[in-house]
Amino acid sequence: NRGNVLQDMGRVEEALAAYDEILAVKGDSPAIWNNRGNVYEAMRRYQDALHCYDRSLALDANYGPAQWNRALLNLQYGNLRDGWQGYESRWHNELLNVYNENRHFTEPLWLGADSLEGKTILLFAEQGLGDTLQFCRYAPLVKARGAHVLLEVQPPLVGLLGSLAGVDRVIAKGDELPAFDFQCPLMSLPLAFGTEVDTIPAPERYLAPDQRRVTTWSARLGPRRRPRVGLVWSGNVQHANDHNRSIPFAQLAPLFAQNCDFFSLQKEYRKDDIALLDASAVTRMDALLFDFADTAALAEQMDVVIAVDTSVAHLAAALGKPVWLMLPNVADWRWLTERGDSPWYPSMRLFRQPARGDWDSVIAALARELGAM
């Protein structure tokens, strides 16, 4: 409808007015109240957004999009207890358009109550690569309950996660599964452990690169002459929010005036970026990156990784590398609000757009930080 189109164009005030016009005639529509809440979120008016989601659910307590949006808003606001509970709505409503997969296992779902002593549990990836890298940190906590832990992940992550503490076996998604007693999707583990902001399991480093690959990549890069900066400026174009999170390569130009050596950690590039990239001082490594274990070994060579909100940012931070994360004005729920650090990653700093679309201010701040290295 018109409100959705206006919001997608960034004309949020007009979108809000459009929804208000509809509500004046049809005030009992849970969908319109939900959409109005989305606009308030885009305006960073979070309490108003929460009010709209509550109104939507008052009209239809089972309206999936409002359940989902309310959960994400609670998570972003740091109200994790309610947020994780609401996040389970992703499994229960066909109206939800989130990229996950309900596996319909016959084995019971484990959410923390059942004893795991002597039992086998399957932990499985359900969404993106970054989600898997972020939430696999819970495996040691599950192992500490006395379980034999199976971890099913996307094939590009198998080599990297083989050394993850607390995991007895890593299985590529699509391969045959052995028998198990319980199952839990990775992104339900925070609910199982009652995770709050101040109890997030956040070790300095919970992933490690393969040392043979580290040696190989060290030889490829040669002697270190200046600070090494790894770069990730764009993600998967299929991502629903990619138009907000990715940056044209040309906008990174102020960084290259700094006395550093720059390396691309990306495997794929936008067509519009390739010519500028090849003419720049940034070293491409994509032909030598075969899986995330290679990316981890390359990231290990960096002094700092500057990235947009993609899986490589999670990878580098899980390795304990300094990560400077570039975030849009309205960022994903996991980065909370109004803070320059992340309770998920001790080595990460957050650089947020001060206004919608303002990457120039972010790049300028990063250039100053590089200049001070």
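Here, each number is a calculation from the coordinates, and none is a lab measurement. Values in this document were obtained by computation on a predicted structure and should not be read as measured data. Don't worry about glycine lacking a Cβ; one is built from the backbone with ideal geometry, like all the others, and counts go over all protein chains shown.
Calculate the tail of P(r) for the chain: the fraction of all Cα-Cα distances greater than 25 Å, expressed in %.
58 percent
What does the charge dipole of the range 203-259 about its Cα centre add up to, to the nearest 20 debye, if the Cβ of each Lys and Arg holds +1 and the Cβ of each Asp and Glu holds -1?
380 debye
If Lys and Arg each add +1 and Asp and Glu each add -1, what is the summed charge of the other residues whose beta carbon sits under 9 Å from the beta carbon of Gly230?
So the environment of Gly230 carries a net charge of +1.
Could you compute Rg(Cα) / (2.2 N^0.38 Å) for the range 2-91, with N its residue count?
1.04
Can you compute 3J(HN,Hα) from phi for each residue in the range 11-16, using the Karplus curve 6.51 cos²θ - 1.76 cosθ + 1.60 with θ = phi - 60°, rounded to whole Hz and x for Gly and Pro?
8, 5, 4, 5, 4, 4
Which value, in debye to the nearest 20, gives the size of the charge dipole of the chain about its Cα centre, when Lys and Arg are +1 and Asp and Glu are -1 at the Cβ?
1020 debye
Looking at Ile32, Val305, Phe182, which one has the Cα that reaches farthest to the positive end of the dipole of the chain (charges on Cβ: Lys, Arg +1; Asp, Glu -1)?
Val305
With charges only on Cβ, +1 for K and R and -1 for D and E, what is the dipole size of the range 134-248 about its Cα centre, in debye, rounded to 20?
880 debye
How do Thr106, Thr216, Thr132 line up, fewest other C-beta atoms within 10 Å first?
The most exposed by this proxy come first: Thr106, Thr216, Thr132.
What is the antiparallel percent of DSSP beta bridges lying wholly in the chain, to the nearest 5?
Counting DSSP beta bridges with both partners in the chain, the antiparallel share is about 5 percent.
Please report Ile32, Ile306 as a ranked list, fewest other C-beta atoms within 10 angstrom at the top and most at the bottom.
Ile32, Ile306
State which entries of Lys173/Lys271; Lys271/Lys321; Lys173/Lys321; Lys143/Lys173 exceed 25 angstrom in Cα-Cα distance in the structure shown.
Going by Cα-Cα distance, Lys173/Lys271; Lys271/Lys321; Lys173/Lys321 fall outside the 25 Å limit.
With a ≥ b ≥ c taken as the square roots of the eigenvalues of the C-alpha gyration tensor of the range 120-199, please select rounded if a/c is under 1.5 and otherwise prolate if a/b is larger than b/c or oblate if it is not?
It is oblate, given that a/c is not under 1.5 and a/b is not larger than b/c.
From the square roots a ≥ b ≥ c of the eigenvalues of the alpha-carbon gyration tensor of the range 311-373, which class results: rounded (a/c under 1.5), prolate (a/b over b/c), or oblate?
It comes out oblate by the Cα gyration axes.
Karplus couplings for the range 331-339 from phi (6.51 cos²θ - 1.76 cosθ + 1.60, θ = phi - 60°), rounded to Hz, Gly and Pro as x?
3J(HN,Hα) across the range 331-339, in whole Hz: 8, 4, 4, 5, 9, 6, 9, 6, 9.
Semi-axes of the range 228-275's equivalent ellipsoid from the Cα gyration tensor, sqrt of 5 times each eigenvalue, largest first, rounded to whole Å?
Here the semi-axes work out to 21, 11, 10 Å.
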